[in-house]
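K.L.:
Pasting a structure here, questions to come.
The values are calculated or read from the model by the stated rules, or taken from the named source; none is laboratory data. These figures come from a predicted structure and were not determined experimentally. Cβ placement follows ideal geometry from the backbone for every residue including glycine, while neighbour counts extend to all protein chains displayed. Please note that ligands, DNA and RNA were not included when accessible areas were found on the heavy atoms of the full protein model with its side chains. Shrake-Rupley method; radii C 1.70, N 1.55, O 1.52, S 1.80 Å.
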Amino acid sequence: MEILITKGKNRNTLTCKRRYGTITSMNLGPDIPNHDIAHYVVEKEFKLENGFYGNVKSGMPIEDLSDKEIIKNLDSETWLSEIMARNLQSIGSGAAKTEQFIELVNWETQNSKEMKIPNMSLITVKKMKADFDQLCKKWGLIPENGELKLIFE
């Protein structure tokens, strides 16, 4: 699946083009789309098939993944993806230390018996942070009406 994040003057747009030809798109608002980039990094690294992009790839419209009534009934891997993306974003912004990522994910998932936490190492976390930082930096250099293109297999 091709992921395009388009930079607008006051709004950014997320567009996903599925392999079989359908497209889903949503206005992200004016903020930097680093949460969407964080989802891409963690879902790709851990091959999460039912995370945000996995659900989009399977046919869900992006809008459905913003609807609280729909997302509360999704697979536990969707929630794991959300927790991991949020914590990657935290270490990317400096709100948490890289060394805290695994502990934070484990703490947030401790009450869920359904979530299958992947094996994580500090080396993997550092790689994800580097990938996240690099993609956010790349986004920062994109001019208005330009796109960040990502491939999610």
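K.L.:
Over the chain, what percent of the accessible surface lies on carbon and sulfur atoms, probe 1.4 Å? It would help to have the intermediate numbers written out before the result.
P.N.:
On the way: 4330 of 8690 Å².
Carbon and sulfur together cover 50 percent of it.
K.L.:
Would you mind working out the accessible area per residue for the chain, using a 1.4 Å probe, and quoting it in Å²?
P.N.:
Numbers: 8690 Å² over 153 residues.
Normalised by residue count, the accessible surface of the chain is 57 Å².
K.L.:
In square angstrom, rounded to the nearest 10, how much accessible surface does D75 have for a 1.4 Å probe?
P.N.:
Approximately 80 Å² of D75 is accessible to the 1.4 Å probe.
K.L.:
When the chain is fully extended, how far beyond the present Cα-Cα distance does S25 get from A96, taking 0.36 nm per residue of separation?
P.N.:
Numbers: separation 71, 0.36 × 71 = 25.56 nm, distance 3.12 nm.
In short, 22.4 nm is gained.
K.L.:
Here's another thing I want to ask about it. Based on the Kirkwood radius over alpha-carbon pairs, what value in µm²/s does the Stokes-Einstein equation return for the translational diffusion coefficient of segment 54-140 at 25 °C and 0.890 mPa s? Provide the component values of the computation, followed by the final result.
P.N.:
On the way: Rh = 14.3 Å.
D, rounded to a whole number, is 172 µm²/s.
K.L.:
Size of segment 3-56 along its principal axes in angstrom, Cα-based, largest extent first?
P.N.:
If we take the Cα atoms of segment 3-56, the spans are 33, 25, 11 Å.
K.L.:
Using bins 10 angstrom wide from zero, how does P(r) for the chain break down, in % of all Cα pairs?
P.N.:
Values per bin, smallest distances first: 11, 41, 37, 11, 0.
K.L.:
Among C16, C136, what's the order by accessible area (1.4 angstrom probe), most exposed first? Provide the component values of the computation, followed by the final result.
P.N.:
Numbers: C16 0, C136 35 Å².
The ordering from most to least exposed comes out as C136, C16.
K.L.:
Still on this structure, please answer the following. Taking every pair of Cα atoms in segment 28-72, average 1/r, invert it to obtain the Kirkwood radius, and report Rg/Rh to two decimals.
P.N.:
On the way: Rg = 11.0 Å, Rh = 11.2 Å.
Radius of gyration over Kirkwood radius for segment 28-72 works out to 0.98.
K.L.:
If you take every residue apart from M1 with its C-beta less than 9 Å away from the C-beta of M1, what net charge results, scoring Lys and Arg +1 and Asp and Glu -1? Don't skip to the answer; put the middle values down first.
P.N.:
Details: positive: K17, R18, R19, K57; negative: E2, E153.
Result for the neighbourhood of M1: +2.
K.L.:
A further question follows. From zero outward in steps of 5 Å, how is the percent of C-alpha pairs of segment 43-94 spread across the bins?
P.N.:
With a bin width of 5 Å, the distribution comes to 5, 21, 28, 25, 14, 7, 1.
K.L.:
Here's a follow-up. Over segment 70-112, with a single point scatterer placed on each C-alpha, what log10 of the ratio I(q)/I(0) does the Debye formula yield at q = 0.22, 0.25 1/Å?
P.N.:
For segment 70-112 at q = 0.22, 0.25 Å⁻¹, log10 I(q)/I(0) is -0.71, -0.84.
K.L.:
With 19 Å as the limit, write out which pairs from K7/K47; K44/K129; K97/K127; K68/K116; K47/K127 have Cα-Cα distances beyond it, or answer none.
P.N.:
Numbers: K7/K47 27 Å; K44/K129 13 Å; K97/K127 14 Å; K68/K116 22 Å; K47/K127 15 Å.
As for pairs spanning more than 19 Å Cα to Cα, those are K7/K47; K68/K116.
K.L.:
Could you order L14, L104 by accessible surface area, starting with the largest, using a probe radius of 1.4 Å?
P.N.:
L104, L14
K.L.:
Assigning unit charges at the beta carbon (Lys, Arg +1; Asp, Glu -1) and nothing else, what dipole magnitude in debye, to the nearest 20, does segment 1-131 show about its Cα centre?
P.N.:
Values: 18 positive and 18 negative charges, 89 e Å.
Using Cβ point charges on Lys, Arg, Asp and Glu, segment 1-131 gives about 420 debye.
K.L.:
Could you state the principal axis extents of the C-alpha atoms in segment 102-153, from the largest down, to the nearest angstrom?
P.N.:
The principal-axis extents, from largest down, are 44, 22, 20 Å.
K.L.:
Considering only protein heavy atoms, what is the solvent-accessible area of E77 at a probe of 1.4 Å, reported in Å² to the nearest 10?
P.N.:
Around 50 Å² of this residue is reachable by solvent.
K.L.:
Sticking with this structure for a sec: FRET efficiency for L122 and S76, Cβ-Cβ distance as r, R0 = 22 Å, nearest 0.05? Spell out each step's value before the answer.
P.N.:
Working: r = 25 Å, r/R0 = 1.12.
Step by step, r from the Cβ atoms, then E = 0.35.
K.L.:
Select from I83, I123, I32 the residue whose mean-square fluctuation is largest in a Gaussian network model of the chain (Cα-Cα springs shorter than 10 Å).
P.N.:
Judging by the Gaussian network model, the answer is I123.
K.L.:
Accessible area, 1.4 Å probe, largest first: how do K97, K127 sort? Before the final figure, lay out each step's value.
P.N.:
Numbers: K97 135, K127 100 Å².
So, going from the largest accessible area down, we get K97, K127.
K.L.:
I'd like the accessible area for K7, computed on protein heavy atoms only with a 1.4 Å probe and all protein chains in place. Round to 10 Å², please.
P.N.:
40 Å²
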